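Let me begin by presenting the structure, written as structure tokens, before commenting on it.
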Amino acid sequence: MTDGKVTLPKLDYGYADLEPVLSEQLLTLHHTKHHQNYVDTYNKLLDEFTEAKNKNDVYKIVSLTPGLKFNLGSHINHSIYWKNLCPIKNGGGKVPENSKLVEKIKSQWGSVDKFIADFIDNIMKIQGSGWGNLAYNKTTKCLEYLETKDQDPVALKSNYVAILCVDGWEHAWYVKYLNMKKTYYTEIWKIVNWDDLEKRYLEATK
Ligand code: MN3
């Protein structure tokens, strides 16, 4: 959109299609309530920002900035997260045989299983709310696990590109997993859309 507003993206699958990893109730709430709320809040703040800018109200502008960053960051992160996932019946979780990304993972971690175990260890270390990401570092030309706090997107770091963003906020898992956060972080790999990850990796390494 030309006015800078954002809209809630449609999912490529139905709300029940990520079962049993993410329940229909959990996915519905996460997409139609949580993500929608970030979108609505950002658009509202953007109107206030435009008004403040037109009035040259610098104090108002600076006070709106953290909210704009938080809500737009969240929209960016969730938009990647939904694309990073795929129903099991459509190939979710299936590690491709011919894949540059998988080759790179194997060269850095030894095997996909070791990479996943390492990712789970790392994402379990998030204190409070944040995201666990697999990112490509354009300077070192290597993949890295990268934790981002609250709703910070990977893109805030200029030389990093997001390949996989896993939502570590409680709302992403609590409805189904209750206190068993590690089970969510383990199960999620059954619905990872490796084709989407590959696309992002090829784009990042161009
Ligand atoms: Mn979320």
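The values are calculated or read from the model by the stated rules, or taken from the named source; none is laboratory data. Since the model is a prediction, treat every value here as computed from it, not as a measurement. All Cβ positions, glycine included, derive from the backbone under ideal geometry; neighbour counts span all protein chains shown. The accessibility values were calculated without ligands, DNA or RNA, using every heavy atom of the protein model including side chains. Shrake-Rupley method; radii C 1.70, N 1.55, O 1.52, S 1.80 Å.
Across the stretch 146-162, what is the total count of residues that are open to solvent by 50 Å² or more (accessible area, probe 1.4 Å) and either under 14 Å from the mean Cα position of the chain (by Cα) or among the basic types (Lys, Arg) (or both)?
6
Could you say whether any residue in the stretch 117-131 is within 16 Å of the ligand (Cβ to nearest atom), surrounded by 15 or more Cβ atoms within 10 Å (Cβ to Cβ), within 14 Å of the chain's Cα centre (by Cα) and without any contact (Cβ under 8 Å) to a residue 60 or more places away in the chain? Break it down into steps so the answer makes sense when it comes.
Step one: filter the stretch 117-131 for residues within 16 Å of the ligand (Cβ to nearest atom), giving 123, 126, 128-131.
With surrounded by 15 or more Cβ atoms within 10 Å (Cβ to Cβ) added as a condition, the list becomes 123, 126, 130-131.
Now drop any that are not within 14 Å of the chain's Cα centre (by Cα), which leaves 123, 130-131.
Next, only the ones that are without any contact (Cβ under 8 Å) to a residue 60 or more places away in the chain stay: 130-131.
There is at least one residue in the stretch 117-131 that is within 16 Å of the ligand (Cβ to nearest atom), surrounded by 15 or more Cβ atoms within 10 Å (Cβ to Cβ), within 14 Å of the chain's Cα centre (by Cα) and without any contact (Cβ under 8 Å) to a residue 60 or more places away in the chain.
Starting from the stretch 68-85, take each residue that is over 19 Å from LYS10 (Cβ atoms) and touching a residue at least 12 places away in the same chain (Cβ under 8 Å) and list its partners that are away from the ligand (no atom under 12 Å from the Cβ) and among the polar types (S, T, N, Q), counting only C-beta distances under 8 angstrom and pairs at least six apart or across chains.
So the pair list comes out as ASN71/THR41.
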